[in-house]
1. Quick check on this structure: which one of T331, T388, T364, T417 is among the hydroxyl-bearing types (S, T, Y) and modelled with pLDDT of 95 or more?
2. Assess whether A139 counts as being at negative phi, touching a Gly at 6+ places or on another chain (Cβ under 9 Å) and either β-branched (V, I, T) or open to solvent by 10 Å² or more (accessible area, probe 1.4 Å) (or both).
3. Only one of (1) without any contact (Cβ under 8 Å) to a residue 12 or more places away in the chain; (2) on the phi < 0 side of the Ramachandran plot fails for E211. Which number is that?
4. Filter region 236-272 down to the residues that are in contact with a helix residue (DSSP H, G or I) (Cβ under 6 Å, 6 or more places away or on another chain) and among the β-branched types (V, I, T) and list them by number.
5. Identify, please: which residue in region 224-258 is hydrophobic (A, V, I, L, M, F, W, C) and modelled with pLDDT under 95 and is, among those, surrounded by the most Cβ atoms within 10 Å (Cβ to Cβ)?
6. Hey, can you tell me all the residues within region 417-447 that are in contact with a helix residue (DSSP H, G or I) (Cβ under 9 Å, 6 or more places away or on another chain), buried (at least 16 other Cβ atoms within 10 Å of the Cβ) and outside any loop (DSSP other than H, G, I, E, B)?
7. Could you identify the single residue in G383, G371 that is at pLDDT below 90, part of a helix (DSSP H, G or I) and open to solvent by less than 10 Å² (accessible area, probe 1.4 Å)?
8. Tell me, which residue of region 183-223 that is over 20 Å from L69 (Cα atoms) and hydroxyl-bearing (S, T, Y) is surrounded by the fewest Cβ atoms within 10 Å (Cβ to Cβ)?
Amino acid sequence: MYSHRVDWKLLPILGAMYAVSLIDRTNMSNALIAGMGLELNFMVGDRYSIALLLFFVPYFLFELPSNILLRKIGAARWLGSITMAWGLVMMGMGFAQNWWSIAILRTVLGLFEAGFFPGCVYLISCWYVRYEVQKRLAAFFLVSVLAGGFSPLLATALIQMKGLAGYLGWRWIFIIEGIATVIIGILAFFFVIEFPDKVLTSNHPFLTATEVNIVKFRIDRDRKDSEDDPLTWGKVGKHLSDWKLWAFAFLYMCSTMPTYALAYFLPVILQEGLGYSMVMSQLLSAPPYVFAAVAAFALAVWADKAKTRAPFIAGQAIITIVGCALTGWATNNGARYFGAFLGAAGSIGNVPACLAYQSNNIRTNSKRSVGSALQVGFGSIGGILASTVYRNADRPRYLPGLWTTVGCQLLILVLLTICTAYFRVQNKKQEKEGKKLENCEGFRYTI
């Protein structure tokens, strides 16, 4: 069936690219405890948090411009080019001689990575009908999370290169992972597919004209937006005036905040808080991600079958709260470690769930472009929040950071209550009065 061909053409290469993106973005914690902290004096004040935070400033600012360029330049050329660029930056981090060089390179890394994730979300959401999209987003995202979860194991192996060419092991983490990223960026030029309305004129027209027409027919029957409507600044302003986009953005911000906290600080908590060695801290960082990937994909399939989103997001937010409580306040190390499993499962599962929640409740390509950039941009604010509230002064328990994480999950529950009440009222008006929702006859919001 053509949809499976789309799956195999679209998801594996994007998943591989996002895997190296996550690894490149979050390997700072692995490098920190492998010697970077001491060699480059990162343990002075809040230098580590500053280096983490600077990544997210350009990451937030350049997401919408990048989505505009994605359409103009083409998915394969644009996504492949920025992947190669951030791979080269990552290699450069392996040769840094002071902490501020790392901070500057992290800023440049954020610039190049800014366009990748919102571009992928935009591209994937344009290929599928609404109740097929969460499991596809989950597959793309969770394959990369699973690979990223094993990055501590990879880091442990690369650390063994200590002494080669006179470099400490942490430098080889950046150098080797940067080389791998450049290679995957080159492959993207040949394997990433275009949007449905452009695929027949691309360098890789893997579907026939009849199959493309079937794709467009299904999308139009679902939401009537198979064709591109060019994005203008007037449309940007119009779309940004829709309060729902901001609600979806805050939902996503609150979901990503704990995922970044886990990536940046779990190895530190395991080493300094639970007393494990450097190697064991790296190794024990992986299992929570494996558990999270399996649990999140199962819930994504269930949510697509149930054709509902909010109850699943709420449930996973509650799971995250329980995980934070165990990690922060349990007295037994086993219980604290189990809390990391729950925190990872709940927060990581909510990333594709919140993306699908927005995708299901908006229409037109221009609004998807703006919405995905805004939503993922607010995800970077979640990263900034994690970088600042998990302070060096609070290690190894990071209690203020955990309280902030709990607060973000409570905000998710409040926003879901507001959105659900609004969507129910609007759906009743559509059913009884024939009201056009999202300027589309027959469109109904997904609860």
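The values are calculated or read from the model by the stated rules, or taken from the named source; none is laboratory data. Note that the coordinates shown come from a computational prediction; the quantities given were computed from them, not determined experimentally. Cβ placement follows ideal geometry from the backbone for every residue including glycine, while neighbour counts extend to all protein chains displayed. In case anyone asks, the SASA skips ligands and DNA or RNA and just uses the protein heavy atoms, side chains included. Shrake-Rupley method; radii C 1.70, N 1.55, O 1.52, S 1.80 Å.
1. Details: T331 fails: modelled with pLDDT of 95 or more; T388 fails: modelled with pLDDT of 95 or more; T364 fails: modelled with pLDDT of 95 or more.
None of the other options fit; the residue is T417.
2. Values: at negative phi: yes; touching a Gly at 6+ places or on another chain (Cβ under 9 Å): yes; either β-branched (V, I, T) or open to solvent by 10 Å² or more (accessible area, probe 1.4 Å) (or both): yes.
The answer is yes for A139.
3. Unmet for E211, out of (1) without any contact (Cβ under 8 Å) to a residue 12 or more places away in the chain; (2) on the phi < 0 side of the Ramachandran plot: (1).
4. Once the filter is applied, which keeps residues that are in contact with a helix residue (DSSP H, G or I) (Cβ under 6 Å, 6 or more places away or on another chain) and among the β-branched types (V, I, T), region 236-272 yields V236, T256, T259.
5. Here is the first cut: in region 224-258, the ones hydrophobic (A, V, I, L, M, F, W, C) are 231, 233, 236, 240, 243, 245-251, 253-254, 257.
After this cut, where a residue has to be modelled with pLDDT under 95 as well, the list is 231, 233, 236, 240, 257.
Values: L231: 21, W233: 8, V236: 18, L240: 15, M257: 28.
Among them, the one singled out is M257.
6. C419, T420, F423, L437, listed by residue number.
7. Numbers: G371 fails: at pLDDT below 90.
Answer to the selection: G383.
8. Across region 183-223, the extreme among qualifying residues is T210.
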